[in-house]
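The values are calculated or read from the model by the stated rules, or taken from the named source; none is laboratory data. Just so it is clear, the model here is predicted, and its values are computed rather than measured. Note: ideal-geometry Cβ built from the backbone for every residue, glycine included; neighbour counts use all protein chains shown.
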Amino acid sequence: MGNFLAMTAVAFLAAATLASPVRLHAQGAQLQQEFATMGTGSAAGVYYPVGGIICNLLGKTRRAGAHNIRCTVESTGASVFNVNAVRSGELSMGIVQSDVQNYAYNGIAQFLAVGADPELRVLFSLQSEAFSLMAREDAGIQSFEDLRGKRVNLGDPGSGSRNTLELLMKEYGWTPGVFSSSADFKPAEMPVALCDGRIDAFVHVVGHPNDIIQEAANTCTSRLVPVTGPEVDAFVARYPFYPPAVIKGGTYKGSTRDILTFGPRATLVTSSRLPENIAYHVTRSVFVNFDEFKSLHPALSDLTPQDMLGGNSAPFHPGAVRYFTEAGIQLPE
């Protein structure tokens, strides 16, 4: 993956305007080379490799002569950062939790001050994610309610994980003051902080299996904790972008039973300003190579084409609609 992840200065400059055309001559024909950048998340998470897979498949169809679009990925602060960067034009596309997509498009929650983003568009949905509560075995945490009085990592400011945790805390009527201490370690730092005893628990909203959870489970005696109960039921009813989710038992050391929780979907979003040609070929590259796409990361393995159309609040980009129409794929109402 190293070759396509390497950012060149040309790619950075071109990406600033979403897709800057460069005229090239090849085999006597004039080709238009275009660039697109995709915001993902922590290099240790799922968004980053999934973004790389999408860019790789786009590269595959480029080499087959379908287009001349070059795609690069950036490791970022994840959902909230990505949706803001797409809005500003800093990024062409970004992987964003379905809940954050909804808030940004409608200008609510943390986007109340900046207002709605009517130009936000969707290409397709990705893997289901799960609100994953990881705790040290000796911390005595059996449920979300048991986080009271504990040392808890709230997550990377601006991330979808932190946003979801803070919303659930509101359902419980909590502020960070209910914890004995709180921290904002980035995802890559969380397993070390947990196993060094600096925190008792952390939350990570992510597809599974996940390297962060795996590292914590393998490094110290820790396990995933179910997130269920009346408050969680009320939360899911209030926010339908967080359907129930299950982390399969046996995925990680110390967590032998299925873990019941909830979680959003990851979605690939862009702006209405993105050229239709780019939106079309990004979408087409994934769907014409769908079996390969699913095989390249365990978080994608259970996806169906229909799964990749759901959970969205913003409209689909015309380029994506063009592909789905050509392929005879029915979009949701």
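Of note:
- Test result for Ser182, surrounded by 15 or more Cβ atoms within 10 Å (Cβ to Cβ), within 23 Å of Leu260 (Cα to Cα) and of a type in the set (Ser, Thr, Tyr): no
- Any hit, the stretch 256-275, residues being assigned to a helix (DSSP H, G or I) and either buried (at least 17 other Cβ atoms within 10 Å of the Cβ) or in contact with a strand residue (DSSP E or B) (Cβ under 9 Å, 6 or more places away or on another chain) (or both): no
- From the list Ala279, Ala201, Ala245, the lone residue that is surrounded by 17 or more Cβ atoms within 10 Å (Cβ to Cβ), modelled with pLDDT of 95 or more and assigned by TED's automatic domain parsing to the domain that holds Gly140 is Ala201.
- Residue match in the stretch 82-91 (condition: under 29 Å from Ser255 (Cβ atoms) and in contact with an Asp or Glu (Cβ under 8 Å, 6 or more places away or on another chain)): no
- Ser161, sole failed condition from (1) over 17 Å from Phe235 (Cβ atoms); (2) within 18 Å of the chain's Cα centre (by Cα); (3) hydroxyl-bearing (Ser, Thr, Tyr): (1)
- Positions within the stretch 283-327 being assigned to a helix (DSSP H, G or I) and touching a helix residue (DSSP H, G or I) at 6+ places or on another chain (Cβ under 6 Å), in sequence order: Thr283, Arg284, Ser285, Val286, Phe293, Lys294, Leu300, Pro318, Gly319, Ala320, Arg322, Tyr323
- Residue match in the stretch 229-238 (condition: surrounded by 14 or more Cβ atoms within 10 Å (Cβ to Cβ), touching a strand residue (DSSP E or B) at 6+ places or on another chain (Cβ under 7 Å), closer than 21 Å to Gly52 by Cα and touching a residue at least 24 places away in the same chain (Cβ under 8 Å)): no
- The numbered conditions (1) part of a strand (DSSP E or B); (2) within 26 Å of Asn312 (Cα to Cα); (3) in contact with a Phe, Trp or Tyr (Cβ under 8 Å, 6 or more places away or on another chain) are all true for Glu171 except (1).
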